[in-house]
Every structure is written in C-alpha cells, then in structure tokens.
Amino acid sequence: MISVRQAREIILKNIFPVKENELIKIESALGRVCVSDLKSKENIPPFNNSAMDGFAVRAEDVKGSRGENPKILEVVGSLAAGYTTGKTIRPGEAIRIMTGAPLPKGADSVVMVEDTELVHSKKNEMVEILKAVKKGENVRYAGEDVEKGEVVIKKGSILKSGHIGMLASLGFGRVKVFRKPKVAILATGDELVQIKQKLTPGKIRNSNSYSLYAQVLKAGALPILLGIARDNKKAIEDKIRQGLSADVLIVCGGVSVGDYDFVKDVLKDMGTQMKFWRVAMKPGKPLVFGLMRKVPVFGLPGNPVSGMVSFEQFARPALLKMSGAGDIFRFRLPATAGDDFEKKKGLRYFLRVVLKNKEGRLYAFLTGPQGSGILKSMVLANGIMELPEDMEVIRAGETAEVTYLE
Ligand code: AMP
Ligand code: MG
C-alpha cells in the first residue's frame, strides 16, 4: 500500500497536457486554460487620466490651500470621460474634470469635487480649493495597470472573471485555450439500476456515474457516460473498449477484493500497465491507476463517498494537468476542528466538514456520520479536513488543514 502523496506523484508523472487547442470567444472562456503567455501591445490605461470627479490643477497653485484659507482658481473648461481638450492649464487656472477623462496639458493633479466650492463671480466661474493636493494626486498614469510588453495572462492560467475583463481591455475578443480532456465514466455492479428503473429487492440506483460526471465538469473536463457494466469480465471489457477513445477512463466499483471485483483483472487482461491498486487513505483505499495504451485509467472505489474523495485527491489534479493548467491543487488553509475525531494510525483521513467563519476564525464541523457510503456527508460539506497518517485523534479546538470545495 502506498501513501496518498506517493500515489499522486505516480499519477501526475504519467499525465501530460493535451496538445490541441482552440480559439474561442472570451464570453465562453471562463474556466478554460490559456495556451500561451499573453502580452499587452499597449499601455493600460492608454493615457494619464483623472481618478476622480473634480478639478484638474497644477499642484503648485494650490499649495497650502485649506478650508479657512482656500486658493481660488479660474475654471477655464470642463472635460468629460471620452473627450480631449486642446486647452493648456496656465497658472491660476483649473479645468472641471470627470473620472476617466484625460488629464489636460499643464495640469499635474486633480482636486476631488468634495474638496472644492464653486464661486460665481460676474465674469468667470471660479473654484475655491479647500484642500491642497500633492503632485500626481488622483491621477491614473498611462500604463499603471498594465505596461506595454508586459505578460498579463500567463500560459496555464485558468481564466477567471478578471482575466475575461482583462482580455477585453487588451483588445482580445477571442483567446486560445487547450481543448477539454474527454473523460469516459463507467459504473460497475450487478446491483445497479438506472435512475428511472424500478428498484427491485437488492438493487440500488447508480449514483456514482452522476457525482463523477459533475466532478469531471467541475474540473473543467468533458464527461462521457458509458453506463453500467455488470459484474462479469466480458461486460466490463466491452464497456471499457467503448471508452478508449477518451483521454481518460474512470471505472468505479469492482476494484476491491470481493469475489466479483473483476475490474483489475480485466484491465490487466486488456494490457493495462498497472501502477498501483491500494492507497493508505480513508475513505478510499482500493484505488487502481494504470495506463492502457497511454490512456490513464482510474479504478475508483464503488462506495459513493470513497469514489468522490478519491476523484478529488487524484483524478481532479490529473485532469487539470491534462487541461494544461499550471495550478492544479486546491488551496489549503488551517481551520479549527469543531469536533473530536478518532482515527486509525497509518491512513490519511479525508473528513467531510462544514466550514464556518465564527468571529474571524475558521471552524470545521463534521457533517455527521463519516461512513464511506453516507453520501449525505458530501451533500452537507463545503470542505474536506485532512488528518495526516501519523495522527490518532483530533480534539475540538485543535488545528487541521482543510480545503474549501467551491
Ligand atoms: P464495490 O467497490 O463494487 O465493492 O462497491 C462498494 C459499494 O459501493 C457497494 O455497496 C456498492 O453497491 C456501492 N456502489 C458501487 N457502485 C456504485 C454506483 N455506481 N452507485 C452507487 N453505489 C455504488
Ligand atoms: Mg461492485
């Protein structure tokens, strides 16, 4: 039996990013993985502009200005966002300016409107400056967000909302992303019936295919359902053959030591290069990983929670790596255990927890019974708490590592 860490290393060593990519509209690019470093061809913002609604001024003209002793400037124009002015501000002058409007020549700073008072003289509009500004205050400089030539989006980035906006800002209406890996999912078991089939004695519905389907989607890949194979070698082999055009094959159930657990044998008979079949974890333990003619094959345990937890630990990072992503692991953070829990030494535990923020501290409460068949423990969970191999007990109030399942 190997450790979770070793298993993950072996898996990731055998996983390679897909080669093909596609050019897609940025509206459809959320969650996709960027193929190359993207450099800006321009400065963003492209010109110096005002960060506030107010008055563009020369800082030296308003030096020492205070409410009791304001400097008074002549307002020589008004400038909205989207327009330019040919006017140059001379000593003693100001231009009314809106957020985003280009800074007029001669001005070097902006006084926000809240720090001014208009004075109407007969001839000209005048403004009292109630607060001095430093040179450059309330000015957004050309290139202060992005400099021309800068790499703004790195190869392997999983595109988030901010990236999508940045792509638009850089002038890209389309972006090259890696194609999604195709993942064939096979359920096994004589006890399984399809969702709408009648439940006769001894039968249960196939739920694993669907939790895995959703997990594959969540990992940014394309799930393909192969349905259910009965517990005999021929049925399993036939179904597996249908899945071999996919990039990854996931078989769930039938990988343990029961009399009808034929998946390992079938995989071997079909020429799979088996890398391991047991991992020191709970839930989980039976877990097969191998390569069938270069197609990575995961044999996940049939128990609903074990399958999901194993997917999360092994298949998810593998699919992300295959998708070309640079960052393939979920973010881990320390949380305070909300309950006592005793465990077996030697196995790494993955407990389903509810993460709650209480008075600025992150707590992790168990979602109830933690049996590997209690799918509800997954339904209620928004996090997984990891207890390391050498630990025997955790007490409420102690710290453990958690991952947030967003
Ligand atoms: P196995 O790994 O095949 O021995 O299955 C372990 C347990 O998980 C058994 O109780 C199975 O009935 C259950 N199980 C296996 N496959 C599925 C599935 N696709 N959906 C729901 N439960 C399953
Ligand atoms: Mg079975």
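Condition first: within 16 Å of ligand 2 (Cβ to nearest atom) and either part of a helix (DSSP H, G or I) or of a type in the set (S, T, N, Q) (or both). Now tell me which residues in region 238-267 satisfy that. Explain how you work it out, then say what you get.
Within region 238-267, the subset within 16 Å of ligand 2 (Cβ to nearest atom) is 239-240, 250-267.
Across region 238-267, the qualifying residues are K239, I240, S256, V263, K264, D265, V266, L267.
Being within 16 Å of ligand 2 (Cβ to nearest atom), without any contact (Cβ under 8 Å) to a residue 60 or more places away in the chain and outside any strand (DSSP E or B) narrows it down to one of A235, A214, so name that one. Please lay out each step first, then the result.
Numbers: A214 fails: within 16 Å of ligand 2 (Cβ to nearest atom).
Result of the check over A235, A214: A235.
Counting just the residues of region 196-216 that are loosely packed, with under 15 Cβ neighbours inside 10 Å and not small (G, A, S), which one comes out farthest from ligand 1 (Cβ to nearest atom)?
K198
Among the residues in region 184-200, are any in contact with a helix residue (DSSP H, G or I) (Cβ under 9 Å, 6 or more places away or on another chain), polar (S, T, N, Q) and within 16 Å of ligand 2 (Cβ to nearest atom)?
Looking through region 184-200, at least one residue is in contact with a helix residue (DSSP H, G or I) (Cβ under 9 Å, 6 or more places away or on another chain), polar (S, T, N, Q) and within 16 Å of ligand 2 (Cβ to nearest atom).
All but one of (1) of a type in the set (D, E, K, R); (2) touching a Ser or Thr at 6+ places or on another chain (Cβ under 8 Å); (3) surrounded by fewer than 20 Cβ atoms within 10 Å (Cβ to Cβ); (4) free of Cβ contacts under 8 Å to residues at least 60 places away in the same chain hold for K135, so report the exception by its number.
(4)
Show the residue pairs that are 6+ apart or on different chains and have beta-carbon atoms under 6 Å apart, the first residue being within region 380-396 and of a type in the set (G, A, S), the second being part of a strand (DSSP E or B) and surrounded by fewer than 20 Cβ atoms within 10 Å (Cβ to Cβ).
G383/Y404
Do you know which of the residues in region 217-232 that are within 28 Å of the chain's Cα centre (by Cα) and assigned to a loop (DSSP other than H, G, I, E, B) is surrounded by the fewest Cβ atoms within 10 Å (Cβ to Cβ)?
This residue is G220.
If you scan region 268-316, which residues turn out to be crowded, with 23+ Cβ neighbours inside 10 Å, within 16 Å of ligand 2 (Cβ to nearest atom) and part of a strand (DSSP E or B)?
Residues satisfying the conditions are P286, L287, V288, F298, G299, L300.
Please go through region 158-180 and pick out each residue that is without any contact (Cβ under 8 Å) to a residue 60 or more places away in the chain and among the aliphatic types (A, V, I, L, M).
Result: M166, single match.
Condition test on I384, is it part of a strand (DSSP E or B) and either among the aromatic types (F, W, Y) or within 30 Å of K182 (Cβ to Cβ) (or both)?
yes
Quick note: the coordinates plus some simple rules give every number you see, no bench work behind them. Note that the coordinates shown come from a computational prediction; the quantities given were computed from them, not determined experimentally. Positions of Cβ are generated from backbone atoms using ideal geometry, with glycine treated the same way; all protein chains shown enter the neighbour counts.
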